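Since the structure comes first, as structure tokens, the remarks are kept for the end.
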Amino acid sequence: MVSVIIPAAGKGTRMKAGINKAFLELAGKPMLFRTVMRFAGIEGVGEIVVAVGADEVAFIRWSLSKIPGLPAVKVVAGGSERQMSVANALKAVSEDADTILVHDAARPLVTKSVIESVIAEAQKSGAAIAAVKAKNTIKRVSADGVVEDTPDRSTLWEVQTPQGFSRGVIMEAYLRAMQDGFVGTDDASLVERMGHPVRVVEGTYRNIKVTSPEDILMAEAMLRDEAIGKAKDGIETLMVKLAEKAITLRQKVEKEMRK
């Protein structure tokens, strides 16, 4: 079984909204709900564990229980840092889960194909991350603002989520990090320091992390684009079905006329 952890306890200071940014609305729905819904219907996903602020647990648990089609949902209190929130969520993961995904609440546009690819690679190699190739030239800069060198862009990837791991790998990584007092920039960094290889699964540039007001505008535009695409697909499917029925009807009429 796959368990999905969604840390959503951050206050999002860059958003300057005064509330947990995961509760901000995107096209009429809270961002957290849109993110959680991306995992509905994914084969193998048996539970979702959401980590929110301690004072938000009861309300979010009740709210998520009203969303149809979701796998089992658990809501736990997060911590002051993302890593602590994930650590708290790991304690609530079902014993039946052999694969664990961690996905940012602020990435509501992740696709089904990326989720499934990360799950498949995590189950194969024990550790996998979604990432996209860096588009821009990256400079390494000193503390006083002087360029030190220019890394080869072909080797650079922008890391996203979901990040997936076998149960044993992620549990050991978090235990060691806690024992050593290590705080990483993402979950994969905790695994890397153990010497365990982390495989890259190519993600999509649409899987943005919503961290600023400008990102909300971009995410809403992408959601509208998705909705239009689904509507077009639905119309095309309907037209094909109508055409097939028309052909079948014509064949029946022609057959009757030949009698």
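The values are calculated or read from the model by the stated rules, or taken from the named source; none is laboratory data. These numbers come from a predicted model, not from an experiment. Positions of Cβ are generated from backbone atoms using ideal geometry, with glycine treated the same way; all protein chains shown enter the neighbour counts.
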For this session: Output the qualifying pairs, or none if there are none: Cβ atoms under 9 angstrom, residues six or more apart or on different chains, first residue in segment 183-199 and among the basic types (Lys, Arg), second residue part of a loop (DSSP other than H, G, I, E, B).
Result: Arg193/Phe182; Arg193/Gly184; Arg199/Gly126
For this session: Report whether or not Gln123 is within 30 Å of Gly41 (Cβ to Cβ), at pLDDT 95 or above and part of a helix (DSSP H, G or I).
Result: yes
Problem set entry | Yes/no for Thr137 being β-branched (Val, Ile, Thr), touching a helix residue (DSSP H, G or I) at 6+ places or on another chain (Cβ under 7 Å) and either at positive phi or loosely packed, with under 13 Cβ neighbours inside 10 Å (or both) | yes
Exercise. So, in segment 193-228, of the ones that are of a type in the set (A, V, I, L, M) and closer than 22 Å to Gly164 by Cβ, which residue ends up surrounded by the most Cβ atoms within 10 Å (Cβ to Cβ)?
Worked result: Val210
For this session: Would you check if Val198 is of a type in the set (Val, Ile, Thr), in contact with a strand residue (DSSP E or B) (Cβ under 6 Å, 6 or more places away or on another chain) and at pLDDT 95 or above?
Result: yes
For this session: Report, ordered by the first and then the second residue, all pairs with beta carbons closer than 8 Å, sequence separation of six or more or different chains, a first member in segment 26-48 that is among the aromatic types (Phe, Trp, Tyr) and crowded, with 21+ Cβ neighbours inside 10 Å, and a second member that is at pLDDT 95 or above and in a helix (DSSP H, G or I).
Result: Phe39/Ile115
